[in-house]
Amino acid sequence: MKVKTKNKEATPRLPCDPQAELAVIEGSLFPGGFDRATAILSASDFSTVGGKKIFAAMESLARTGRPISVSLIERALDGDPDFPQIVRALDSIVPFTHEAVAHFATIVRELSLRRKLMRLAADAVWELADVTVPIENATASLLDEAREAIIFVNGGRDG
């Protein structure tokens, strides 16, 4: 078995695509776009604080049967400490068709899964570094937890 090695000195960046996240928000403002997006992802899949809060506000509006519009999103988030950042994101929205929202939502969801798996891998490293736990116990426990976590990440929408 060949072992791949990477530069262990560099810290990997968590994968994200803010432009794809903004495209999902933009496309979700069109009729049918929000339903296409929520079939693939949820607010927890966004990497930016603003994106998470905007999409959560959209989810809240949809749950209450209210229309999803920029003005109602701004009203829902008024008073939030991140409001200036959120307004800048909303102000940058340009005309966009809802047909591509599923494409961008898939990108956002896949990058979210990568971030979650990276966090799981980091947790595994810390667990293996604990020399007070016998290696047999650590590896058995780690494999069980990793298996459960990977199943959750692949099948769960929140987390």
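Against the condition open to solvent by less than 90 Å² (accessible area, probe 1.4 Å), at pLDDT below 90 and not basic (Lys, Arg), how does GLU9 come out, does it pass? Talk me through it step by step, then tell me what you get.
On the way: open to solvent by less than 90 Å² (accessible area, probe 1.4 Å): no; at pLDDT below 90: yes; not basic (Lys, Arg): yes.
No, not satisfied.
Would you please name the residue that is nearest to SER47 (Cα to Cα), looking only at residues in segment 84-96 that are at pLDDT below 80 and open to solvent by 50 Å² or more (accessible area, probe 1.4 Å)?
Per the criteria, the residue is GLN85.
Of the residues LEU61, LEU72, which is surrounded by 12 or more Cβ atoms within 10 Å (Cβ to Cβ), touching a Lys or Arg at 6+ places or on another chain (Cβ under 7 Å) and at pLDDT 90 or above?
Result: LEU72 is the single residue among LEU61, LEU72 that is surrounded by 12 or more Cβ atoms within 10 Å (Cβ to Cβ), touching a Lys or Arg at 6+ places or on another chain (Cβ under 7 Å) and at pLDDT 90 or above.
Sort out which residues of segment 97-119 are open to solvent by 40 Å² or more (accessible area, probe 1.4 Å) and modelled with pLDDT under 80, and write them in order of number.
Within segment 97-119, THR97, HIS98, GLU99 meet the criteria.
Would you mind stating whether ILE40 is modelled with pLDDT of 90 or more and either surrounded by 19 or more Cβ atoms within 10 Å (Cβ to Cβ) or of a type in the set (Lys, Arg) (or both)?
Yes; evaluated as a whole, the condition is true for this residue.
The values are calculated or read from the model by the stated rules, or taken from the named source; none is laboratory data. Bear in mind that the values here come from a model prediction, so they are computed numbers and not experimental data. Note that each Cβ is placed from the backbone with ideal geometry, even for glycine, and that neighbours are counted across all protein chains shown. For the accessible areas, the whole protein counts, side chains as well, though only heavy atoms, and no ligand, DNA or RNA atoms are used. Shrake-Rupley method; radii C 1.70, N 1.55, O 1.52, S 1.80 Å.
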